[in-house]
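Derivation of every value follows stated rules applied to the coordinates shown; laboratory data play no part. Quick caveat: nothing in here was measured; it's all calculated off a predicted structure. Note that we place each Cβ from the backbone using ideal geometry, even for glycine, and neighbour counts take in every protein chain shown.
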Amino acid sequence: MRNSLLRNSAAALLFAAAIAPAIAETPEQKGFAIAARADRSDRGFTDSRVEMKMVLRNAAGQEASRTLALNTLEVPDEQLGDKTLIVFDSPADIDGTALLSHAKILDADDQWLYLPALKRIKRISSVNKSGPFVGSEFAFEDFTALELNKYTYKYLREEPCGDMTCDVVERKPRYEHWGRIDLFVLPGFRERPFPRTEGRLRAGLIVEEDLASFESGAGNKHIDVAGRYSHFIGDWDFGVSIFHGLSREPRLLPNATGTALAPRYDEITQLGVDVQYTLDAWLWKFEGIAREGHGDSFAAMVGGVEYTFYQVADSDADVGVLAEINLDGRDENRAPPTPLEHDLFLGARLALNDVDDTQALAGAVIDAEDGTLSFFLEAERRIGDSWKIEAEARLLGNVDDKNVLAPFKRDSFLNLRLSRFF
């Protein structure tokens, strides 16, 4: 009896050893278990508030600080994501700037940025979530909750961490970006304002807004519709859009006496496509439209390239050089005029990447048909925590009398603005 029991025990041990590899925990299961223990260790916190200080420091040792509060609302269901709200308190020029994030599992996170200076809410698109956040090296995607079921896991190995031993787990996102579709219904229409006698910039005749007319019988109550699909594949970003409704560009028609202009808002259908390709320091862009409703159907496009020189002369500054070409085949008699029919743009962009966020953009547009020149400059710099200085200049030269810009050839200007935030 004793020998039979021993034989049965030995057989059981041998059988268990034989099937152990088949039922052993896989690296994926072990990785998930480790991640789950870490994620669930603080379950039930309900909500939290953390006050933080962000310090920006450049290579020269200059520093700028920003204070902010991170508020988190826990969503107990692991198939849903937590909600976070970040609000900046200082410096004064970004006081009140807020980022609201709703984390998702198998979809793109929802994020909205509030800009108090503009009183505007901007939705952050999926393809822009890796962009810089308020001038720091953080990206928008860094401020969403890291949900357990948003990733797959794989246990790799153990490694020493000082006096402890750490598990090394590989984590990959489950979300596969298939693109984004935005649909818009625009139930109201805002007519374009025009400057009066003393205003600038304006044409030779005053535009009488009270004389506005609409192709649609519904007038400015016409319901417009628009849609856009956007996606990215590797280094390529692209989008396709469609719009049907009242044109935001009115034709300006002389009134009965020829003493003023009356805006005419036509009903149009417009298809658009945009493509962007990024390769190291190169950025290539193309935008094109095809439109019906302004006389003969026509197409227009702008294509360009930007090359950036990073850390010029061993500094923190970046310099970008830009070139664009504009082509427009619109019906000159039945479509709103445009100054960019056969034009070439050359420009440069400067970003010092300093704590005062100094940046400038300058360039010139030349009409390839008549040689009309248009120069512009935009620059800004923060002064301390509460002040900002901005400069804007528009200069016209060699303007041909038949060019669309002829009525504005004496309207060159330089605008300096000093703002205090409190």
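Observations on the model:
- Furthest towards positive pole of dipole, Thr259, Gln311, Leu396, structure part the stretch 185-420, Cβ charges: Thr259
- Coil-residue GluC sites (Glu not before Pro) of the stretch 336-386, DSSP, other Cβ within 10 Å capped at 12: Glu369
- Semi-axis lengths, Å, the stretch 23-178, gyration tensor of Cα atoms, sqrt of 5 times eigenvalues: 32, 20, 16
- Taking the charge dipole of the stretch 23-178 about its Cα centre, with +1 at Lys and Arg Cβ atoms and -1 at Asp and Glu Cβ atoms, the residue from Tyr155, Tyr114, Val75 reaching farthest to the positive side is Tyr114.
- Coil-residue trypsin sites (Lys or Arg not before Pro) of the stretch 252-355, DSSP, other Cβ within 10 Å capped at 16: Arg334
- Between Phe375 and Ile206, the FRET efficiency estimated from the beta carbon spacing at R0 = 30 angstrom works out to 0.65.
- Placing pseudo-labels 7 Å out from each Cα toward the beta carbon at Asp314 and Glu25 gives an inter-label distance of 5.3 nm.
- Arranged from fewest to most other beta-carbon atoms within 10 Å of their beta carbon, His222, His342 become His342, His222.
- For Glu380, the shell of other residues with beta-carbons less than 12 Å away shows a net charge of -2, using +1 for Lys and Arg and -1 for Asp and Glu.
- Relative to the dominant Cα principal axis of the chain, helix 27-40 is inclined by about 70°.
- Which of Tyr229, Tyr155 has the fewest Cβ neighbours within 10 Å, and the rest in rising order: Tyr229, Tyr155
- Helix 2-23 vs. the chain, principal-axis angle (Cα, 0 to 90°, nearest 10): 10 degrees
- Seen from every direction in turn and averaged, the convex hull around the alpha carbons of the chain projects onto 32.6 nm².
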